[in-house]
Structures are given as structure tokens and as C-alpha cells.
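> Here you go, one structure.
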Amino acid sequence: MKRRTFFRLGLATGVLTLSRNVFGSQLFVEKSFVGKTDAPIVLSTWIHGLEANRAAWEILSKGGKALDAVEAGVRVTESDLTNRSVGVGGRPDRDGHVTLDACIMDEQSRCGSVAFLEGIAHPISVARAVMEKTQHVMLVGEGARKFAIEQGFETAKTPLPEVKKEWKKWREENKDLFVKPRINHENHDTIGLIAMDKNGDLSGACTTSGWAYKLHGRVGDSPIIGAGLFVDNEVGAATATGLGEAIIRIAGSHTVVELMRHGYSPQKACEEAVKRILAKHKDLTNLQCCFLAIDKEGNIGSHSVYAGFNYALKTASDDKMVDSTFDRNW
Ligand code: SD4
């Protein structure tokens, strides 16, 4: 695919466009990055971020902590049974199991994570419990589930009946994909949410059911601290969405934060992380990866490999979707 110059065009801030969201209603979308914003600030990936941000804002606007806000925010998305990429409404893996990944990180660099977790309604809260109640960072699979149940977390039956029906149809139609599940750009919608509270402290949360019809046992970037999410309260925070394997390969979110430490703006840091992904892959077919970042001063940036990524922004004066800049068109 020929390299295009879209991302350069997208760098002009403040260009308002009218776009149609997935629910058919119209939203004003601001093109590109937003620049400096006053705290509190909430940012999150994709259209479902609007609702998640509002829940986070409830806490932040009353002077609450970023950590509480990010958990509350993504719990909204995890509760949405119509969401096919996050929480119990998520699509299963190749073998019909919905396996959930989530992580959380706060301003003290404390972090917690769960991966390959089945049948629990709020993986993000389990991740927080791992962070706060154990000496570990990450619990996976049956052990994570046992811990969640011991801690009294709500269970859930997965997949949902309509999701199971869809999966069965997929299985019938995709016998050849039993060995290598196909990943495309329509079957993802992880939520990564980062926030700065009134005190200027940063936290982040990321939760997903991962790539639809992935191999059983596959874990993506979303529960991996440094890949799907990274927070360093001295510098900034970043989160990622897209093809987890590619994001892990460059320790994506950590890379973005580390670049900011070395003087990159959030926007430039996200662009550089995308550049690194491009450099490491010969075949870019369907390789969508997106980064979203904020620095300690409240500057915001985002960039993706392909067009189509957007994020939700909530501040005292804004509640909107913003189109990310990108490197190339599909
Ligand atoms: C994963 N990064 O499991 C996730 C998927 C995703 O938007 O972000 N989709 O690889």
C-alpha cells in the first residue's frame, strides 16, 4: 500500500468535522490531537469511551482519585452486554471460551493484572484487587478466577447465547481458520482509559476480551503492563489498542511514556511508537495499532497505523470524540 500523507494533514489542530458515530447519531469530532488541557482529564479509546469517561468524571469532578476514576470508567464498558470486545458480552476464542484480559496502574507505579480469565463480570476490579491485596502483579487463568471468586467478585455465564450462536456460525464457515484465526480491523474495541485527577496524579486501566476467535490461551497486550498500558506519574501515561502481538513486540505503552520522558510530546511519542511498529513488520496487512497518551502537563496525543482510530475526551469543558492522526489508509 502506498504511503500517504494523511497524518501530516491531520496534524492541524482544532479542525472540526461532522461525523456519524456507530449509533447513527452525529457528533462533532475534533481532528487530531488536542494540545494542553487542564486537569481533571479523562481519555479513552473508541466510541464506548464517551460513557466510560462520564463515569470516571463523576469521581474526578468531585475531587476523587484518578485510580478510582479509571476503574469506574471501564467498568461501564465491561457492563455493556452489547459490547463484543470487552467484558462478558465479548466474543469467544476459537474454542468458544470468552477469556478476559485487564490491567490497572496508579500514580505510585503500583499495578495489577489478570489474563485469560473466564466467567467474571469485572476483570478490571480483579486486577485492582491483585494490585492491592496480593504481592503479585499478574494472575492468569484458573488461578485468577479462583482468586476472583475468593474475593467475592461477581461471576457471569459466557458466552452470551447470541454470541455463542454467532461463534458457531463462524466455526462452520471458517474451518480453515481453526489453526490460524484471522484478525481484522472490525473485530476489536478494547477500552484503554487514562486519567489525570485534580492533584495532577495519573492512573490508567485497560480491559478487553481480546481478538475474536483467537487461539485458546492467547493473551494480548491489554493486560501486560508496559504493552497495553503504562503510567509513570513523573512523566505521563499511555494506552494502546489494536493488534496486541505487534504492541507487545515494541513494549508499546512503555515506549510512548519513555519517549515522553526524553522530551517527546505525547503526539510525537505516539507517532514514533507507530513508526517502530512499521519498521518491525514486513507484512502490514490488517496490522492496526493505536496509541493514546497524556503527559504530566495535560498535553494529549494519539496516532495509529491505519485510519479509523478515535478516542473520547472529557474535561470540564469538553465531552467529545477526537479523530486520531494515522500513518496510512486501509
Ligand atoms: C488484543 N489489543 O487483545 C487487544 C485487542 C484490541 O481493539 O485492542 N482491540 O490484542
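Since every read-out is calculated from the coordinates, none of them should be taken as a lab result. Note that the structure is predicted; figures quoted are calculated from it, not measured. Because the Cβ atoms are built from the backbone with ideal geometry, glycine has one as well, and the counts that use them run over all protein chains shown.
> Compute the distribution of all C-alpha to C-alpha distances in the stretch 28-325, in bins of 5 Å from 0, and list the percent of pairs in each, rounded to whole numbers.
1, 7, 14, 18, 20, 17, 12, 7, 3, 1, 0
> Same structure, new question: Under a crude label model (7 Å from the Cα following the beta-carbon direction), how far is residue 262 from residue 278 in nanometres?
Each label point lies 7 Å from its Cα, and together they span 1.8 nm.
> Considering all projection directions equally, how large on average is the shadow of the alpha-carbon convex hull of the stretch 209-248, in square nanometres?
Seen from a random direction, the Cα hull of the stretch 209-248 projects 2.9 nm² on average.
> Taking Cα atoms of the stretch 46-128, Rg/Rh with Kirkwood Rh, to two decimals?
1.00
> If you take the C-alpha gyration tensor of the stretch 183-324, multiply each eigenvalue by 5 and take the square root, what semi-axes do you get, largest first, in whole Å?
Value: 23, 16, 14 Å, ordered largest first.
> Which order do the peptides 43-56, 73-86 take when ranked by the mean count of other beta-carbon atoms within 10 Å per residue, highest first?
43-56, 73-86
> Here is a follow-up. Going down the list 169/214; 214/282; 165/214; 198/268; 36/268; 133/314, which pairs span over 19 Å between their C-alpha atoms?
Listed pairs above 19 Å: 214/282; 198/268; 133/314.
> Springs between alpha-carbon pairs under 10 angstrom, Gaussian network model over the chain: which of 95, 68, 189 fluctuates most?
95
> Mind checking which aspartates and glutamates have their Cα closer than 17 Å to the Cα of residue 320? Skip sequence neighbours fewer than 8 apart in that chain.
Reachable aspartates and glutamates: 30, 38, 51, 58.
> Find the relative contact order for the stretch 28-325 and round it to a whole percent, using C-alpha pairs within less than 8 Å whose residues are 6+ positions apart.
26
> Could you tell me which of 226, 41, 127 has its Cα farthest along the dipole of the chain towards the positive end, charges placed at Cβ (Lys, Arg +1; Asp, Glu -1), taken about the Cα centre?
226
> I would also like to ask the following. Could you run the Karplus curve 6.51 cos²θ - 1.76 cosθ + 1.60 with θ = phi - 60° over the stretch 307-312 and give me ³J(HN,Hα) per residue in whole Hz, x for Gly and Pro?
Once θ is set to phi - 60°, the couplings for the stretch 307-312 become 5, x, 7, 9, 9, 9 Hz.
> Right, here's the next one. Quick check: the distance between the Cα centres of the stretch 212-287 and the stretch 118-147, to the nearest angstrom?
The two parts, judged by their Cα centres, are 23 Å apart.
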